[in-house]
1. Of the residues Leu33, Leu40, which single one is without any contact (Cβ under 8 Å) to a residue 12 or more places away in the chain and over 26 Å from Val152 (Cα atoms)?
2. Quick check on Pro57: is it under 20 Å from Val129 (Cα atoms) and surrounded by fewer than 15 Cβ atoms within 10 Å (Cβ to Cβ)?
3. Looking at region 39-54, can you tell me whether even one residue there is surrounded by 14 or more Cβ atoms within 10 Å (Cβ to Cβ), closer than 20 Å to Arg174 by Cβ and among the aliphatic types (A, V, I, L, M)?
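Bear in mind these aren't lab numbers, they're just calculated from the coordinates by the rules spelled out. Everything numeric here is computed off the predicted structure, so don't read it as measured data. Note that we place each Cβ from the backbone using ideal geometry, even for glycine, and neighbour counts take in every protein chain shown.
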Amino acid sequence: MEPAVVSALLAPPRAPSLVVRPADVGGRVAWDLLVRDGALRVLDGDAAVPVHAPVTPETRAAALRPRVPARTVVTGPSAAWVHCGGPPPDRLVLAHRTGTHRPEVWTFATVWSGPGLVSDSVRLAGVRVTTPERTAVEVALRLPPARSLRLVLDLQSAGADLAAASRALERRTRAPGRPQAREVLAAARDRVASVGAKP
């Protein structure tokens, strides 16, 4: 019987992460070469995955994890990217609970505040992300109509219940932009219904 390695006793084994960062492969130069040679596919910033690895919402959330402060939730276009994929948004969008201290992420993120974030979020790879329905409401409230409609349709394709999103919008006590959001969600529901009605 082989003796136990002391380091194995001190640190329990961790499941390997599919997200690969420069430190995981020996530094930035090695990481850049692996990206250039097609062995790694960049997800966001310095987060990549092996080229043939499946990319799921959990994988995309793990890519964001180092930039998400405690007590914040990924929301808006960033949450839409986590749920749906596609090109990552230019800036990380985070939310914190109304009435709490705003996290200090001045340079790399946009921060919103809002009620009900914990109940309207899921934990993916250790990161809180607004549910697809809450994400649809947030983008409909805060983004220009054409962009928000596209994201809401992507979220619906990824499983968001647009009727539930509309009900959630109406339950919010304060929702600046509610008329626009109603129109966006209604347009998305109409678009989905018209596609479903075609033979």
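1. Leu33
2. No, not satisfied.
3. Among the residues of region 39-54, not one is surrounded by 14 or more Cβ atoms within 10 Å (Cβ to Cβ), closer than 20 Å to Arg174 by Cβ and among the aliphatic types (A, V, I, L, M), which makes the answer no.
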